[in-house]
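I have placed the structure first, in the form of structure tokens, so that the comments after it can refer back to it.
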Amino acid sequence: MRLRNWIAVLISVLLLAGAGVAGFLVNRSTVQAVEKVHRTDTTALGDNNAELTGQLQYYSTAELGKVAGLLAGGGTASADQVRVALAAAARKTNTFTYGLMIADANRGFQIASRESGTPSTGDAGWQRMWTQLESNDFGFSDVMRVAGGDAEDPASYVAAVAVPITKVDGTRSGYLIGLNHIAATSLQGYMGELQSDAHRTTIVDPDGRVGAASVTDLIGDAINPDILRNRAGSSDPFVEYTENDTKMIAVVIPITPSGWSYVRTQTKASFDGVIYNRSQTLNLTLLAMLVIGVVGISMLGYRTQIQRRRADERFQALFQHAPDLVSVLDGDGRIIFSSPSTTAVLGFKAGSLAGHSVFDVLHVDDQPQMRERLGALLADPSAVLRLQGRVRTAGGEYRWFDFTASNQMHNPALNGVVINARDISENRAFQERLEHEAQHDPLTGLPNRRRMQDRLGASLSSDAVAVLFVDLDGFKPVNDVHGHEAGDELLRQVADRLSACVRSDDVLARVGGDEFVILMPGVMGPDDALAMSARVRYVLGLPFRIDGQEIAIGASVGVHLAAAASDADEALRAADHAMYEIKHSSRAPAGAVRVGRHRAMD
């Protein structure tokens, strides 16, 4: 009998030991899976913010290049005239309202739009900008403090962007430098929206000095040198280091084209969160149960129930306070589990989505791509899936989410596909706004030259297009007599009147200061084009009321009928040439249809 008891105890211990080891392994596998998704998601967020920052920096070089092109085409002027021109140009820019500077070909600073508030010419932050200009058409400086500025005041710091001023023969005659007041940029405004008690987000120059931050007071400070030093030469974006005896972790993403970096830092404990705490609790629980197991086989069933209940509690605790949506799908796409954050983010009651197909809440246009990618993910046990799509809320609204999915069908603790979803609707809207601004005139809201040329090329690939080039007569005296604000208002009213003239399929664009282009796809004969020309000249010949005064202008309209498969640039030049002849030749009938060379070639 005693032998039987010992055998029963031994069997109980062995069974519990086996179950305990399995529990340890399952716990470790679950933690690793969740940590993998967490790190992938954190890296994806960093990539998105780094890409947004890079786009803003790229657009700043493009805007500065336009100003440099205007300066290169100017004639001889005095220093005071150039300074006035720089100040006016700075006020019209979106990025460099703080000020503009000109340096000669030997990097000597010559003229600035502001008399004070610029960095010292000996500041080491200029050097990186000059180095980049040696091999590129742009250069970005480090964060610099303005001369006499308070080192503790974020408003004392600026960053510079430079582009070359190029002569007709292609040589550089000097450099145009734009100054960013970094504490007041749109990038800093966006970073302020990322403020969180759990972490700090910064954009730093190559030396680690902060140029934008979720906490404004950090601007101008230097981040912990161990971050960039430990990151150097490594492909892993995560850096672990110690600060004031506290273990920290940072994710570092390089930013192109400036060479700056996106850095998000937080304590290692807050990054790991509840995952490791619950894991340690489970390990201690399993160990205690192994000791208790010697009491006998009668405890085995009870221990199994306790283990199952605590495993469920652990799984729920992993996602109880997670800000993102975490779901587990089976092989058919049905939802096995959804985190409690589903209620806060989407408005569905906790557990109400369980058993439903994930495609029930996906936008119909995104479902084919999701089905295809999910099938590929299930075919590869080690695959990780990244894509974006729209998800329906309980109220019927669709919001954009960034999905990161990991195939855990082989993981007995999960036996499904783990999906981490982050709401990126605001980021998506910000990106769409940037794309719209890149292709539209900021004053009138009309498509710009680039957008118009794309539409013209696309239309000519399959159809004939009538191209009308409209140039305002008498616009310059309006600016001279009434001021530029009146001129801007006049351009807006002109855009409104022209918009009322065009057909629904036509394209109206502003391509220059007082120049507009109308594209009429499908028009092969002159009648419709001449009728449109007459309407344009009529509506623009009516008086405009601006600031209580009536202002009269006119318009010269050049018309070119471009056949299908014609060259878009040639068609635009022909319409421009026709307008030029009409504007400067008394013999040309108003609105005559002409085909000719661009006037710059005459």
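Only residues that are out of contact with any Asp or Glu (no Cβ under 7 Å at 6 or more places or on another chain) and open to solvent by 30 Å² or more (accessible area, probe 1.4 Å): list them for the stretch 94-110, please.
Thr97, Tyr98, Asp104, Ala105, Asn106, Arg107, Phe109
Counting just the residues of the stretch 568-602 that are modelled with pLDDT of 90 or more and open to solvent by 80 Å² or more (accessible area, probe 1.4 Å), which one comes out nearest to Ala466 (Cα to Cα)?
In this case the residue turns out to be Glu570.
What is the residue count in the stretch 159-187 for residues that are over 12 Å from Ile102 (Cα atoms), surrounded by 24 or more Cβ atoms within 10 Å (Cβ to Cβ) and in contact (Cβ under 8 Å) with a residue 60 or more places away in the chain?
1
Please work out if Ser504 is out of contact with any Pro (no Cβ under 8 Å at 6 or more places or on another chain), polar (S, T, N, Q) and open to solvent by 20 Å² or more (accessible area, probe 1.4 Å).
For Ser504, the condition - out of contact with any Pro (no Cβ under 8 Å at 6 or more places or on another chain), polar (S, T, N, Q) and open to solvent by 20 Å² or more (accessible area, probe 1.4 Å) - is met.
Kindly indicate whether His560 is buried (at least 18 other Cβ atoms within 10 Å of the Cβ), at pLDDT 90 or above and either assigned to a helix (DSSP H, G or I) or polar (S, T, N, Q) (or both).
no
In the stretch 43-64, which residues are closer than 26 Å to Glu485 by Cβ and not aliphatic (A, V, I, L, M)?
Tyr59, Ser60, Glu63
For (1) more than 41 Å from the chain's Cα centre (by Cα); (2) over 14 Å from Leu468 (Cβ atoms), each residue gets a yes or a no:
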position	(1), (2)
Ser504	no, yes
Ala509	no, no
Phe516	no, no
Val523	no, no
Pro526	yes, no
Leu530	yes, no
Ser533	no, no
Arg537	yes, no
Phe544	no, yes
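When you scan the stretch 102-122, do you find a residue that is at positive phi and either hydroxyl-bearing (Ser, Thr, Tyr) or in contact (Cβ under 8 Å) with a residue 12 or more places away in the chain (or both), even just one?
Among the residues of the stretch 102-122, at least one is at positive phi and either hydroxyl-bearing (Ser, Thr, Tyr) or in contact (Cβ under 8 Å) with a residue 12 or more places away in the chain (or both), which makes the answer yes.
Has the stretch 488-502 got at least one residue that is touching a Gly at 6+ places or on another chain (Cβ under 9 Å) and not in a helix (DSSP H, G or I)? Write out each step before concluding.
First, the residues of the stretch 488-502 that are touching a Gly at 6+ places or on another chain (Cβ under 9 Å): 491-492, 495.
This time we only want the ones that are not in a helix (DSSP H, G or I), so: none.
No, there is no match, as no residue in the stretch 488-502 is touching a Gly at 6+ places or on another chain (Cβ under 9 Å) and not in a helix (DSSP H, G or I).
Name the strands (runs of 3 or more DSSP E) wholly within the stretch 332-445 that hold at least 1 residues that are out of contact with any strand residue (DSSP E or B) (no Cβ under 7 Å at 6 or more places or on another chain)?
It comes to none.
Which residue, of Asp205, Asp221, Asp245, is open to solvent by less than 40 Å² (accessible area, probe 1.4 Å) and either at pLDDT 85 or above or out of contact with any helix residue (DSSP H, G or I) (no Cβ under 8 Å at 6 or more places or on another chain) (or both)?
None of the others qualify; the one that does is Asp205.
If you go through the stretch 523-541, how many residues are open to solvent by less than 40 Å² (accessible area, probe 1.4 Å), in contact (Cβ under 8 Å) with a residue 40 or more places away in the chain and not in a helix (DSSP H, G or I)?
1
Is it fair to say Arg107 is under 30 Å from Tyr262 (Cα atoms), more than 31 Å from the chain's Cα centre (by Cα) and not acidic (Asp, Glu)? Please lay out each step first, then the result.
Working: under 30 Å from Tyr262 (Cα atoms): yes; more than 31 Å from the chain's Cα centre (by Cα): yes; not acidic (Asp, Glu): yes.
Yes.
Of the conditions (1) out of contact with any Lys or Arg (no Cβ under 9 Å at 6 or more places or on another chain); (2) assigned to a strand (DSSP E or B); (3) within 20 Å of Leu456 (Cβ to Cβ), Arg545 fails just one. Which one is it?
Every condition holds for Arg545 apart from (3).
Test Leu362 against the stated conditions and say whether it is in contact with a Gly (Cβ under 8 Å, 6 or more places away or on another chain), aliphatic (A, V, I, L, M) and open to solvent by less than 40 Å² (accessible area, probe 1.4 Å).
The answer is yes for Leu362.
In the stretch 188-231, how many are without any contact (Cβ under 8 Å) to a residue 40 or more places away in the chain, closer than 16 Å to Thr267 by Cβ and not in a loop (DSSP other than H, G, I, E, B)?
2
Could you tell me whether any residue of the stretch 120-133 is in contact with a Pro (Cβ under 9 Å, 6 or more places away or on another chain), open to solvent by 20 Å² or more (accessible area, probe 1.4 Å) and not in a helix (DSSP H, G or I)?
So far as the stretch 120-133 goes, no, none of its residues is in contact with a Pro (Cβ under 9 Å, 6 or more places away or on another chain), open to solvent by 20 Å² or more (accessible area, probe 1.4 Å) and not in a helix (DSSP H, G or I).
Looking at the stretch 464-486, can you tell me whether even one residue there is in a helix (DSSP H, G or I), surrounded by 19 or more Cβ atoms within 10 Å (Cβ to Cβ) and in contact (Cβ under 8 Å) with a residue 40 or more places away in the chain?
Checked the stretch 464-486: at least one residue is in a helix (DSSP H, G or I), surrounded by 19 or more Cβ atoms within 10 Å (Cβ to Cβ) and in contact (Cβ under 8 Å) with a residue 40 or more places away in the chain.
Name the residue, out of Ala394, Ala383, that is small (Gly, Ala, Ser), closer than 17 Å to Ile335 by Cα and either open to solvent by 20 Å² or more (accessible area, probe 1.4 Å) or without any contact (Cβ under 8 Å) to a residue 40 or more places away in the chain (or both). Give the steps one after another, and end with the answer.
Working: Ala383 fails: closer than 17 Å to Ile335 by Cα.
Exactly one of Ala394, Ala383 is small (Gly, Ala, Ser), closer than 17 Å to Ile335 by Cα and either open to solvent by 20 Å² or more (accessible area, probe 1.4 Å) or without any contact (Cβ under 8 Å) to a residue 40 or more places away in the chain (or both), namely Ala394.
Mind checking which residues of the stretch 141-151 are open to solvent by 20 Å² or more (accessible area, probe 1.4 Å) and either in contact (Cβ under 8 Å) with a residue 12 or more places away in the chain or under 27 Å from the mean Cα position of the chain (by Cα) (or both)?
Matches in the stretch 141-151: Arg145, Ala147, Gly148, Ala151.
Cβ-Cβ below 7 Å, separation at least six or inter-chain, first residue in the stretch 553-573 and farther than 16 Å from Ala529 by Cα, second of a type in the set (Asp, Glu) and assigned to a strand (DSSP E or B): which pairs?
Ile553/Asp473; Gly554/Asp473
Output yes when any residue across the stretch 398-419 is hydroxyl-bearing (Ser, Thr, Tyr), under 27 Å from Gly347 (Cα atoms), open to solvent by less than 20 Å² (accessible area, probe 1.4 Å) and out of contact with any Gly (no Cβ under 8 Å at 6 or more places or on another chain), and no when none is. Write out each step before concluding.
At the first step, the residues of the stretch 398-419 found to be hydroxyl-bearing (Ser, Thr, Tyr) are 398, 404, 406.
Right, trim to under 27 Å from Gly347 (Cα atoms) and you get 398, 404, 406.
Applying the additional criterion that residues be open to solvent by less than 20 Å² (accessible area, probe 1.4 Å) yields 404, 406.
Okay, now just the ones that are also out of contact with any Gly (no Cβ under 8 Å at 6 or more places or on another chain), so 404, 406.
For the stretch 398-419, residues hydroxyl-bearing (Ser, Thr, Tyr), under 27 Å from Gly347 (Cα atoms), open to solvent by less than 20 Å² (accessible area, probe 1.4 Å) and out of contact with any Gly (no Cβ under 8 Å at 6 or more places or on another chain): present.
What about Ala103, is it closer than 30 Å to Val168 by Cα and not in a helix (DSSP H, G or I)?
yes
The values are calculated or read from the model by the stated rules, or taken from the named source; none is laboratory data. All values derive from a computational prediction rather than experimental measurement. Glycine also receives a Cβ, built like all others from the backbone with ideal geometry; neighbour counts cover every protein chain displayed. All accessible areas refer to the heavy atoms of the entire protein, side chains included, with ligands and DNA or RNA removed. Shrake-Rupley method; radii C 1.70, N 1.55, O 1.52, S 1.80 Å.
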